[in-house]
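Engineer: Dropping the structure in here first, questions after.
The values are calculated or read from the model by the stated rules, or taken from the named source; none is laboratory data. Everything quoted here is computed from the prediction, not taken from an experiment. Using ideal geometry, Cβ is built from the backbone for each residue, glycine included, and neighbour counts are taken over all protein chains shown.
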Amino acid sequence: MPFFNRHPWVFAGAIHRIQDDPQPGSEVRLLADDGEFIARGLFNPHSNIRVRLYGWTEEVALDAALWSRRLDAAIALRRRLFPEFTPETACRLVASEADGLSGLTVDRYGDWLLVQFTSLALWKRRDELVRLLSEKLQPAGVWLRTEKGIRESEGLEAADGLVEGTEPPRPLFIEEHGVRFGVDVVEGQKTGFFLDQRDNRRAVAGYVAGKRVLDVFCYSGGFALACAVRGGAKEVLGIDSSEPALALARANAELNGVAHRVRFEQAKAFDALERLRDAGERFDVVILDPPKMTRHRKGLEQALRGYHSLNHLAVELLVPDGLLVSCSCSGLISREEFESMLASVAQRSERSIQILEARGQAPDHPVSTQCPETAYLKCDICRVVEP
Ligand code: SAH
């Protein structure tokens, strides 16, 4: 069982017996069959993750002092990564399992904290956790976001809203590697911005000077603007299906003074790719950053087929020697599976695909070696060459 190696999840099926009728959210001890102590955790009878583990020694209680130490450790990493913490720094401050706090995600956007609870037990301790965060960081405000499906999976009833301090401005402005973005933390997707792609945007920008770039699934313009502003791309077209995202993207192009080189269009990705191909359009660089394609193992095959079709279309739009930036945030798809999908795209399109950079998520979204699920993002920067 993975929890013997300090994986923080105990699934219902791994539990043989539950003693003393623990209440939802209460502290429990995980024991081996022979009665030997394994870990201390928090119980949730509604969740398939029946117990989340936080402590590996019998003596250390799961109390405010422990949460405080975990938060300190998490914050210390981000202070190291972002020594300045300017009013426009945005980063993930607490990354759930990867920071030993399974079920708590905290993003910092300047002076505001965006908090998400994905476990009932930490939700029940929210006053304590928010108090600790406020003491340590003195934010202007703390805003709660909730993930879809959390009521079903955790039995957690929460509504988005202000938890403390003042409401965040809309938009709120952040800066990333020299590019500025307006972010809607209240209604934007996730907590408003895809912070995990920060360093991938910079990496891609390094390849695009003077090039014609297509950014598919562009959201508020993350890659598109990194390419136009930082990378000096000649022309960028961004595609997304969400009109609110595109409104922000256009405003962000204005904000950075590149609106004359960047265009955004509303369309479904497949439709747009087919239409561009049929119109004979070609790009030097195509970026694909689709949303998570599956949450369940049973959807895996279909998701891989979806990635295959998207990537195949993208390859068809590339000039010879073009660059394909292919991303996947589906944690259930391993890097091996993802790259073997790229191999079959290469075969079908009769090109070679060379991976120049096999990238993951930015370091404020660390990967826990004990919890492989924390490594979810793939971003491969590839060269597509005629064989
Ligand atoms: N690349 C972005 C993040 C992309 S998130 C960045 O750097 O910030 C995925 C995006 O895909 C979302 O903006 C969502 O609106 C969009 N999307 C979802 N389904 C889509 C579809 N079928 N066609 C086009 N866009 C879609």
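Engineer: Please specify each residue of the range 229-252 satisfying the condition of being near the ligand (Cβ under 10 Å from one of its atoms) and surrounded by fewer than 15 Cβ atoms within 10 Å (Cβ to Cβ).
Structural biologist: If the condition is that a residue be near the ligand (Cβ under 10 Å from one of its atoms) and surrounded by fewer than 15 Cβ atoms within 10 Å (Cβ to Cβ), then SER241, GLU243, PRO244 are the ones that fit.
Engineer: For the range 309-333, which positions are of a type outside the set (S, T, N, Q) and farther than 18 Å from LEU276 by Cα? I'd like the intermediate steps shown before the answer.
Structural biologist: First, pick out the residues of the range 309-333 that are of a type outside the set (S, T, N, Q): 310, 312-325, 327, 329, 331-333.
ASP321, CYS327, CYS329, GLY331, LEU332, ILE333, listed by residue number.
Engineer: Scan VAL208, VAL142 and give me the residue that is in a loop (DSSP other than H, G, I, E, B) and either more than 10 Å from the ligand (Cβ to nearest atom) or surrounded by fewer than 22 Cβ atoms within 10 Å (Cβ to Cβ) (or both).
Structural biologist: Values: VAL142 fails: in a loop (DSSP other than H, G, I, E, B).
Selected residue: VAL208, the only one of VAL208, VAL142 that is in a loop (DSSP other than H, G, I, E, B) and either more than 10 Å from the ligand (Cβ to nearest atom) or surrounded by fewer than 22 Cβ atoms within 10 Å (Cβ to Cβ) (or both).
Engineer: Given (1) in a loop (DSSP other than H, G, I, E, B); (2) modelled with pLDDT of 95 or more, where does SER340 come up short, assuming only one miss?
Structural biologist: Single failed check for SER340: (1).
Engineer: Further question on the same structure: Going by what's in this entry, would ALA228 be described as at pLDDT 95 or above and either part of a helix (DSSP H, G or I) or touching a strand residue (DSSP E or B) at 6+ places or on another chain (Cβ under 6 Å) (or both)? It would help to see each step written out before you state the result.
Structural biologist: Working: at pLDDT 95 or above: yes; either part of a helix (DSSP H, G or I) or touching a strand residue (DSSP E or B) at 6+ places or on another chain (Cβ under 6 Å) (or both): yes.
Criteria met by ALA228.
Engineer: ALA272 - would you say it is out of contact with any Gly (no Cβ under 6 Å at 6 or more places or on another chain) and within 13 Å of the ligand (Cβ to nearest atom)?
Structural biologist: On the way: out of contact with any Gly (no Cβ under 6 Å at 6 or more places or on another chain): yes; within 13 Å of the ligand (Cβ to nearest atom): yes.
Spelling it out, ALA272 is indeed out of contact with any Gly (no Cβ under 6 Å at 6 or more places or on another chain) and within 13 Å of the ligand (Cβ to nearest atom).
Engineer: Now for a different question. What are the pairs with Cβ atoms under 7 angstrom where one residue, in the range 218-239, is on the phi < 0 side of the Ramachandran plot and the other, located anywhere, is within 13 Å of the ligand (Cβ to nearest atom) and among the polar types (S, T, N, Q)? Sequence gap at least six, or different chains.
Structural biologist: Partner pairs satisfying both residue conditions: SER220/ASN252; GLY222/GLN197; LEU225/ASN252.
Engineer: While we're on this one: Kindly list, by first and then second residue, each pair from a residue in the range 141-155 that is closer than 20 Å to ARG170 by Cα and of a type in the set (A, V, I, L, M, F, W, C) to a residue that is part of a helix (DSSP H, G or I) and modelled with pLDDT of 90 or more, limited to pairs with Cβ atoms under 6 Å and residues at least 6 apart or on different chains.
Structural biologist: VAL142/VAL130
Engineer: Does the range 26-44 hold any residues that are assigned to a loop (DSSP other than H, G, I, E, B) and either crowded, with 18+ Cβ neighbours inside 10 Å or touching a Gly at 6+ places or on another chain (Cβ under 8 Å) (or both), and which are they? Full working, then the answer.
Structural biologist: Here is the first cut: in the range 26-44, the residues assigned to a loop (DSSP other than H, G, I, E, B) are 26, 32-36, 44.
Residue satisfying the conditions is ASN44 alone.
Engineer: Within the range 318-329, take every residue that is under 19 Å from LYS268 (Cβ atoms) and crowded, with 21+ Cβ neighbours inside 10 Å and give me the one that is nearest to the ligand (Cβ to nearest atom). Please lay out each step first, then the result.
Structural biologist: Of the residues in the range 318-329, the ones under 19 Å from LYS268 (Cβ atoms) are 326-329.
Next cut, crowded, with 21+ Cβ neighbours inside 10 Å only: 326-328.
On the way: SER326: 12, CYS327: 7, SER328: 11 Å.
That would be CYS327.
Engineer: From the residues in the range 165-191 that are of a type in the set (Val, Ile, Thr) and more than 15 Å from the ligand (Cβ to nearest atom), which one is nearest to ALA251 (Cα to Cα)?
Structural biologist: Pass one, the range 165-191, residues of a type in the set (Val, Ile, Thr): 166, 174, 179, 183, 185-186, 191.
Now narrow it down to the ones that are more than 15 Å from the ligand (Cβ to nearest atom): 166, 186.
Details: THR166: 24, VAL186: 17 Å.
In this case the residue turns out to be VAL186.
Yes or no, residue by residue, for (1) more than 15 Å from the ligand (Cβ to nearest atom); (2) closer than 21 Å to VAL384 by Cβ; (3) under 19 Å from the mean Cα position of the chain (by Cα):
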{"position": "GLU254", "(1), (2), (3)": "yes, no, no"}
{"position": "LEU276", "(1), (2), (3)": "no, yes, no"}
{"position": "ARG282", "(1), (2), (3)": "yes, yes, no"}
{"position": "SER309", "(1), (2), (3)": "no, yes, no"}
{"position": "ALA358", "(1), (2), (3)": "yes, yes, yes"}
